[in-house]
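The values are calculated or read from the model by the stated rules, or taken from the named source; none is laboratory data. Everything quoted here is computed from the prediction, not taken from an experiment. Virtual Cβ from ideal backbone geometry, glycine too; neighbours counted across all protein chains shown. Each accessible area value is taken on the protein alone, full model and side chains, heavy atoms only, with ligands, DNA and RNA left out. Shrake-Rupley method; radii C 1.70, N 1.55, O 1.52, S 1.80 Å.
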Amino acid sequence: MAKFVLIGSGLAGGLLAAYLGRRRYDVDLYERRADPREGNIVGGRSINLAISTRGIHALEQIGIAGEALRPAIPMRGRMIHDKSGTLHFAPYDVDPRKCINSIGRASLNAAVIEAAQRYPNVRVHFNHKCTEVDLIEPVCQLETGTGKLTVHGDAVIGVDGAFSAVRASMQRNIDNFQYDESYLEHGYKELTIPPAPDGSWRLEKNALHIWPRKSFMMIALPNPDGSFTCTLFWEFEGERSFATTKTDDDVRRFFDEEFPDAVPFMPTLLQDFKQNPTGSLVTVRCAPWYFRDKVCLLGDAAHAVVPFYGQGMNAAFEDCVVLDESLEKFPHDRHRAFAEYFERRKGNADALADLAIGNFIEMRDKTASKAFRAKKKLDHLLEAALPGAYLPLYTMVTFTRIPYAEAKRRARIQNGIVYAGLVAIALLATALIVYLL
Ligand SMILES: Cc1cc2nc3c(=O)[nH]c(=O)nc-3n(C[C@H](O)[C@H](O)[C@H](O)COP(=O)(O)OP(=O)(O)OC[C@H]3O[C@@H](n4cnc5c(N)ncnc54)[C@H](O)[C@@H]3O)c2cc1C
């Protein structure tokens, strides 16, 4: 069987290794960091994430959903915190059983790596950093703690995240390789709400909490130990921003003004704010995602998106399913398999990138408004009245496997019909009033 060299054993790398292992390929997976199961979680990436239908389906297909999701906490809707501390709960779907799930990155990472290692034909090597890929051979240059290593394979898959070394080699060596990266003017910082003294959660456990403040926001997701991981999304620069908030007093003043109901639950706020890194938020679009039958990209390496739809990892897991299906369809022609995978995923990844940026504006600004809540209620009414025919965009993205591009297109048409219907009703009502007068 062919030998695959995978670079990066993050969330998608481990899962892909399991899928390829099941297909009996020979797999060597190289990760630049130490084994995450030894507690070496590095700051700069989210501590927990929301997993939903697409990600769960990918885990189910390889038979590990039960074990991987055991520590997950269901979140049934958004809990909106306004400045006065008043709470509004907005369920995610008309069906209260539909929820997204908060899961620790480390535990999910461990679950997928363990799933891969159950196949004797999969080997995982930590502390191996890829520095360069020769696309033609293909050959990877790796650095270990003690020296350098060259590894050969029949194919190399770059599953090495948003700042992929494999993609960088493709950029350098493929003529007309298309590459676009754009950074938001907002960064993010993780903060903590620890458990109450009795170990319970200090906020509603089964919700994703949002403090929308128009141009910025804070969110919080529950963890199994009773804590919440909060993420502040805020401008890097500007009058009030990460750049201008330097002293303890600045930080305290900002939080007291903007998140007064959260502050009493954040005893380590100043420490967290100073010590935790400020991450940047990048969207990466590139093409093609493959070179002949030799090299291929998957997950954030191919299509990093901003995190506001909670879909980056879900999409990366969906990539694993599609690449697996493509290899099944063309078992003897890997070039066609890679091309098919790219055809099926590229438009969807581009659509998700747009949706994710759109959802930032919705979360930080619109969720606070009555109009937003009325629209959500109308969405749920229409969904209940027209089952299967009307599906809100959030539902299609989060609770179905309808391709992202199709969901985006369908939502545009639905919105057009709903707005036309509302205008028609308003016109009819006006005509009736005029007639009756
Ligand atoms: C703040 C934040 C919140 C998020 N929340 C969600 C969410 O709720 N739901 C969701 O679905 N997605 C979420 N995401 C997105 C999600 O984290 C990513 O989409 C997901 O991690 C992508 O998986 P990946 O395996 O492609 O990349 P990664 O998880 O980044 O893994 C890449 C791996 O490659 C390794 N690597 C990198 N370079 C090299 C090299 N040169 N050699 C060897 N190894 C290398 C890295 O160490 C890493 O282990 C969030 C992202 C952020 C930043």
Discussion item. Can you tell me which residue is farthest from VAL166 (Cα to Cα) among those in region 134-155 that are hydrophobic (A, V, I, L, M, F, W, C) and out of contact with any Lys or Arg (no Cβ under 9 Å at 6 or more places or on another chain)?
Written reply: LEU149
Discussion item. Return the residues of region 81-105 that are within 12 Å of the ligand (Cβ to nearest atom) and open to solvent by less than 40 Å² (accessible area, probe 1.4 Å); say none if nothing qualifies.
Written reply: ILE100, ASN101, SER102, ILE103, GLY104
Worksheet item: If you scan region 357-396, which residues turn out to be of a type in the set (Val, Ile, Thr) and either surrounded by 15 or more Cβ atoms within 10 Å (Cβ to Cβ) or at positive phi (or both)?
Response: ILE357, THR367, THR395
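Here is a yes/no grid of residues against (1) within 11 Å of the ligand (Cβ to nearest atom); (2) closer than 25 Å to SER102 by Cβ:
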{"position": "GLU257", "(1), (2)": "no, no"}
{"position": "PRO260", "(1), (2)": "no, yes"}
{"position": "GLN271", "(1), (2)": "no, yes"}
{"position": "ASN276", "(1), (2)": "no, yes"}
{"position": "VAL282", "(1), (2)": "yes, yes"}
{"position": "CYS286", "(1), (2)": "no, no"}
{"position": "PHE291", "(1), (2)": "no, no"}
{"position": "ASP300", "(1), (2)": "yes, yes"}
{"position": "PRO307", "(1), (2)": "yes, yes"}
Worksheet, complete the sentence: GLU239: passes all of (1) farther than 29 Å from GLY358 by Cα; (2) part of a loop (DSSP other than H, G, I, E, B); (3) not hydrophobic (A, V, I, L, M, F, W, C) but (1)
Worksheet item: Across region 280-337, what is the total count of residues that are β-branched (Val, Ile, Thr) and part of a loop (DSSP other than H, G, I, E, B)?
Response: 2
Worksheet item: Take the residues of region 319-344 that are open to solvent by 20 Å² or more (accessible area, probe 1.4 Å) and in contact with a Pro (Cβ under 9 Å, 6 or more places away or on another chain): which is nearest to the ligand (Cβ to nearest atom)?
Response: PHE342
Practice prompt. Evaluate region 29-45: report whether one residue or more is farther than 30 Å from GLU362 by Cα, in a helix (DSSP H, G or I), free of Cβ contacts under 8 Å to residues at least 60 places away in the same chain and open to solvent by less than 10 Å² (accessible area, probe 1.4 Å).
Written response: no
